[in-house]
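Quick notes on the structure that follows.
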Amino acid sequence: PKPRLNISIKGEAGPATVFISNLDTEASPEDVKTCFKQFGAIKACTLLYDHNGKASGHAEVTYSTKVAAEEAAAKLNNALADGRRLTVRLMPQTASQTQNLAPFAASALGASRKPRKHRRAGGRMDLD
């Protein structure tokens, strides 16, 4: 018999990542987490930096579930934050795994700790 529906199940539960653009460069990882946690449990929050270590105004927030990420993107895309219009997009699963969007980044999970002295793939700086 011919299948009735063509659906995707793989990856639908999560985790899932949203990419945020046009953030105030003074926003901290904790500021971003505080704003975005209303949609669900956050596994990671990463601010992106340029090659000089200056905040780029971009961030990635990884939610435990895809539903939470979709809701964040739907409700906060085009929202005004600190006088700036945000762009919030759900990242394709493969893009969030091969992240190569900025040379340096700091994770909000453990943001109060000192950075390790090494870099991992993608040129991101981890905070532990």
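The values are calculated or read from the model by the stated rules, or taken from the named source; none is laboratory data. Everything numeric here is computed off the predicted structure, so don't read it as measured data. Methodologically, a virtual Cβ is constructed for each residue, glycine included, from the backbone with ideal geometry; neighbour enumeration extends over all protein chains shown. For the accessible areas, the whole protein counts, side chains as well, though only heavy atoms, and no ligand, DNA or RNA atoms are used. Shrake-Rupley method; radii C 1.70, N 1.55, O 1.52, S 1.80 Å.
Summary table
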{"read-out": "Residue match in the stretch 83-102 (condition: touching a Phe, Trp or Tyr at 6+ places or on another chain (Cβ under 7 Å) and either in a helix (DSSP H, G or I) or modelled with pLDDT under 75 (or both))", "value": "yes"}
{"read-out": "Selection status of residue 74, exposed (fewer than 15 other Cβ atoms within 10 Å of the Cβ), touching a strand residue (DSSP E or B) at 6+ places or on another chain (Cβ under 9 Å), modelled with pLDDT of 90 or more and within 21 Å of residue 55 (Cα to Cα)", "value": "no"}
{"read-out": "Neighbours by Cβ (under 9 Å, 6+ apart or cross-chain): first from the stretch 54-68, at negative phi and among the small types (Gly, Ala, Ser); second open to solvent by 30 Å² or more (accessible area, probe 1.4 Å) and part of a strand (DSSP E or B)", "value": "55/49; 56/49; 59/19; 64/42; 64/43; 68/42"}
{"read-out": "Single condition residue 50 does not satisfy, out of (1) exposed (fewer than 12 other Cβ atoms within 10 Å of the Cβ); (2) more than 15 Å from the chain's Cα centre (by Cα)", "value": "(1)"}
